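Read through the structure below, which is laid out as structure tokens, and then see the notes.
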Amino acid sequence: MCNGWSDGLKVEFKVLDDRLRCWGFPAWSSEWAAGLDLFACLDGPIAINEQAAPIMVSTGMAFRIGDPSWCALVVPRSGAGHRGLIHGNSVGVVDPDFDGPCRVSLWNRNPAGGSASPIIVNPGDRIGQLVFTRITRPAMVEVVAFTSGSARGTRGYGSSGP
């Protein structure tokens with residue numbers, strides 16, 4: 001157990017790159033942080049150009065949740081996203097039965113030809129966060145009409161206000 005508290009979930013992990021230990025893995029960056037920091041395990045710095053194809057980056061670890069009522073979400077870091085470094089798939093969902101290497105798809109969303117230069121990612125940079133969350137798999141019931149309506153009804157995007 002890291003950082004002193006747990007919700008009863010025990011996640012096994014393997015360190016695939018020993019540099020993680022030097023960078024402090026596994027760790028949450030504050031006492032109440034929701035996401036476990038994920039580090040870029042690279043041989044050297046990489047430049048991610050604006051609007052170029054996403055690049056897969058190893059986090060140097062593998063894990064297995066092993067409990068069908070939990071999953072993990074791989075999410076971007078807020079500060080990096082503000083600078084334009086986001087995940088190529090937005091949010092990654094890690095199923096409880098996956099136990100392969102954890103990798104992150106990085107993409108520079110800044111406009112091509114704009115004033116932003118390539119984003120440099122160095123070995124050991126924090127490139128994402130791993131957030132664990134419960135899974136609910138409801139019984140799906142096909143109906144011809146819903147049993148009750150709502151005030152919103154079928155009105156779509158923006159219909160509940162700005």
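Given segment 1-83, what strands (runs of 3 or more DSSP E) lie entirely inside it while holding 3 or more residues that are surrounded by fewer than 17 Cβ atoms within 10 Å (Cβ to Cβ) and out of contact with any Leu (no Cβ under 9 Å at 6 or more places or on another chain)? Of the strands (runs of 3 or more DSSP E) lying wholly inside segment 1-83, those with at least 3 residues that are surrounded by fewer than 17 Cβ atoms within 10 Å (Cβ to Cβ) and out of contact with any Leu (no Cβ under 9 Å at 6 or more places or on another chain) span 12-15.
Here's the yes/no breakdown for (1) over 20 Å from GLY113 (Cα atoms); (2) touching a residue at least 12 places away in the same chain (Cβ under 8 Å); (3) of a type in the set (D, E, K, R):
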{"site": "GLY35", "(1), (2), (3)": "yes, yes, no"}
{"site": "GLY44", "(1), (2), (3)": "yes, yes, no"}
{"site": "GLU50", "(1), (2), (3)": "no, yes, yes"}
{"site": "SER58", "(1), (2), (3)": "yes, yes, no"}
{"site": "PHE63", "(1), (2), (3)": "yes, yes, no"}
{"site": "SER69", "(1), (2), (3)": "yes, yes, no"}
{"site": "PRO76", "(1), (2), (3)": "yes, yes, no"}
{"site": "GLY84", "(1), (2), (3)": "no, yes, no"}
{"site": "VAL94", "(1), (2), (3)": "yes, yes, no"}
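Residues in segment 121-151 that are aromatic (Phe, Trp, Tyr) and either outside any loop (DSSP other than H, G, I, E, B) or within 30 Å of ILE46 (Cα to Cα) (or both): PHE132 alone. Right, VAL104: in contact with a His (Cβ under 9 Å, 6 or more places away or on another chain), surrounded by 13 or more Cβ atoms within 10 Å (Cβ to Cβ), free of Cβ contacts under 8 Å to residues at least 60 places away in the same chain and closer than 30 Å to SER117 by Cβ or not? No, not satisfied.
Coordinate-derived values only; no laboratory data. Only a predicted model underlies this, so the values are computations on that prediction, with no experimental measurement involved. With ideal geometry, Cβ positions are generated from the backbone for all residues, glycine too; neighbour counts draw on all protein chains shown.
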